[in-house]
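In what follows, a structure is listed as structure tokens, so that the remarks can point back to it.
A short reminder: the numbers here are calculations on the coordinates, not readings from a lab. Because the structure is a prediction, the values reported are computed rather than measured. Glycine also receives a Cβ, built like all others from the backbone with ideal geometry; neighbour counts cover every protein chain displayed.
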Amino acid sequence: MDTQFWVIQAFNGLSYGALLFLLASGLSLIFGVMRIVNLAHGSFFLLGGYVALTVIWTTGSWLLALPVAALVIAVVGLLMERVFLRPLGFDPLRQVLLTVGFAFLFQQAALDIWGGDNRDIIPPGMLKESAVIGGFHFPIYRVFMIGMALVMGLILWLTMEKTRLGAMIRATVDDAEMARGVGIDTSRVSMFIFALGAFLAGLGGVIGGAFLGVYPGLDFAILPIAFAVVIIGGMGSLAGAAVGSLLVGLADNFGKALFPEISYFTLYAPMVLILALKPTGLFGRE
Amino acid sequence: MDGRRKLMILAAALLAVLLVTPHSGSYIIVLVTHALIFAILAMSLDILLGFAGLPSLGQAAYLGMGAYLTAILATRFQFGLDWTFWPVVALGIVIGAATAALFGLFSVHAGGVYFLMITLALGMCVWGLAYRWNSLTGGDNGIVLPPRPAFGIQLADDVTFFYLVFGFFVVSLAVLYVLVKSPFGRSLVGIRENELRMRILGYNTWLHKYIAFIIAGGFGGLAGVLWAHAHGLVSPEDVVLATSVDALLMVVLGGPGTLVGGAIGAGIVVFLREYLSTLVPWWQYVLGGVYVLAILYLPGGLMSIPERIRGSRAPSPRPGEAKPLQSAIH
């Protein structure tokens, strides 16, 4: 329990939180805008990893795999929203079950296409090294993960705060009916958000593939953690997703290191506490 | 109006299950037993979803509490393997209800989609403990139970165990039926339809929903005790999100607000998961397909089909609205 331990664990938690942010920010926005509990979000993450593997196998380029996988998953999300979710209208229960149905379909499809083996996405050589700062070894890949989350977070924040589209999204989050009333095409906004959420999850899947691996069952393993982030941070809030990711990333890492027996409890207990004190999460609004 | 006829059909169907099952293949007996256990879980969820309008995404948690309690008592203390099976049943119901009483404090006040989220999160807490608390739960490997209890009758025999589970199923169905027909059940339906109006009429709607939540937890715990002995193994697999979601599908597929619908749905889902999966490798396409198709084309569930064919008096549910048919409740 020396400085070494604390610095490395904090760094690991931070980088894990960065990965979670990619996954959870989309989930949170989808919930905020559409009030959909998307249980297929873990599947987007997993499929992102698998598509990236295919791209790497055929072209050999990891750098190409990042955008291609994310875009493919965005298209999958877009189709799912347009063809299946939109026609249901607003009905949380049926929407949730529909996304579960898709999660099962995706799971089987992934098994058929990519097989049941555990796979790893190998990043380019330069990312596999470690940087030595002040006597501590920091894997470059984890630094890259944090950098990626920062960049995506910044882009999302600028889009949300500084653009017309962002204003439309925020209006829809706050009051969809009113937004429609003032002429915002909330259906379009929903479509965009769902595709964006899928894009981010797919991207997370590629980046996480080097770190968590890509394997059948990853989808339902990562999903609850993403939900913990969203619930802690507050549904529909970008800042909430960022803070929630950080908290969950740190809680998960220190929990596993300090109290392995109840490590999931250290992850979910803060969530339950926050639910009890502020049911809408830290940054959520009623 | 034709409630009497419905009861006759139900009794005939139950009698058919009771008489035919013991003479089927040994695998079918196990399958039907599992289906009946999940039917108890599905009916407990129907009290929440179909009657109180609370779509819980964490019902597997109560099943898990009952199952782990049974497994831990049996392996650590050799308790519940003779006549003490009965106290374990009672304890299972109590632990399910107590867990629900705790979880309900966090979730019942929330409405609609928030309730979905919170119950999902609470269910995950139970999963997390089951998965990680190795010294108590055996972690990923779970707990293997000793042979089933024997107290004069040998539950190790699958047919005997089937009769026992069938008995529990019928009693559960009867108790829940009386419950939903009681003034309390009627109030729940009122809350589902218009909570504000019920509150204005002077009902403590939170308390009604909270009690319903606890009752559902109790029946979930009962299903857990039976499941532990039926399966012979209790593992985190039993409390995963997919189990909770399956329970929801059972209710929605059969028809929310009908009790029996959940039992029919349980039969279908158990058949898909346990039987079809042994026949074809692509069974999950069928399961996923059932989810998607049932949601898109069967808003009132299977129980609504006879009404639809008859060109029912009840207005067909508008798209995006999955209210159970009125005739199924009154």
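Figures for the structure shown
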read-out: D (Stokes-Einstein, µm²/s), Kirkwood Cα radius, the range A:220-286, 0.890 mPa s at 25 °C; value: 210 µm²/s
read-out: Crossing angle, helix A:92-114 versus chain A [Cα axis fit, 0-90 degrees, rounded to tens]; value: 50 degrees
read-out: Relative packing of B:101-113, B:16-28, A:133-145, which averages over residues the other C-beta atoms within 10 Å, highest first; value: B:101-113, A:133-145, B:16-28
read-out: Estimated vicinal HN-Hα couplings, Hz - the range B:282-293 in sequence order (Karplus 6.51, -1.76, 1.60; Gly, Pro = x); value: 9, 4, 5, 4, 5, 4, x, x, 4, 3, 5, 5
read-out: Top positive-direction residue, dipole computed over chain A with Cβ charges, set A:GLY26, A:PRO260, A:ILE122; value: A:GLY26
read-out: Among A:GLY233, A:GLY32, A:GLY166: highest mean-square fluctuation, GNM of chain A, C-alpha pairs under 10 Å; value: A:GLY166
read-out: Using θ = phi - 60° and Karplus 6.51 cos²θ - 1.76 cosθ + 1.60, couplings along the range A:124-141 (whole Hz; Gly, Pro as x); value: x, x, 5, 7, 8, 7, 10, 9, 9, 10, x, x, 9, 8, 10, x, 4, 4
read-out: Check: chain A dipole with +1 on Lys, Arg Cβ and -1 on Asp, Glu Cβ, in debye; value: 480 debye
read-out: Helix A:3-34 axis, angle to chain A major axis (alpha carbon atoms, nearest 10°); value: 20 degrees
read-out: Kirkwood Rh, Cα atoms: Rg over Rh of chain B; value: 0.96
read-out: Chain B - percent relative contact order, Cα under 8 Å, separation 6 or more; value: 30 percent
read-out: Packing-based order for B:234-245, A:41-52, A:238-249, using average beta carbon neighbours within 10 Å, highest first; value: A:41-52, A:238-249, B:234-245
read-out: Test item: Cα-centred dipole of the protein assembly as shown, Lys/Arg +1 and Asp/Glu -1 on Cβ, debye; value: 1500 debye
read-out: Cα-based convex hull volume of the protein assembly as shown per residue, rounded to whole Å³; value: 160 Å³
read-out: Peptide ranges B:256-264, B:80-88, A:179-187, A:207-215 listed from the most packed, as the mean C-beta count within 10 angstrom indicates; value: B:256-264, A:207-215, B:80-88, A:179-187
read-out: Exercise: per-residue mean of other protein chain Cβ atoms within 10 Å, B:287-295; value: 6
read-out: Chain A - percent relative contact order, Cα under 8 Å, separation 6 or more; value: 37 percent
read-out: Peptide A:265-271 - average C-beta neighbours from other chains (10 Å radius); value: 4
read-out: Amide H contacts of B:VAL108 (H built 1.01 Å from N, under 5 Å, at least 5 apart or other chain); value: none
read-out: Angle between chain A longest axis and helix A:238-258 axis [Cα atoms, degrees, rounded to 10]; value: 40 degrees
read-out: Inter-chain Cβ neighbour average for residues A:84-92, partner chain, 10 Å; value: 4
read-out: Förster-model FRET efficiency, 51 Å R0, B:LEU14 and A:TRP57, C-beta, rounded to 0.05; value: 0.40
read-out: Per-residue ³J(HN,Hα) for the range A:44-57, Karplus 6.51 cos²θ - 1.76 cosθ + 1.60, θ = phi - 60°, Hz, x for Gly and Pro; value: 4, 4, 5, 4, x, x, 5, 4, 4, 4, 4, 4, 5, 5
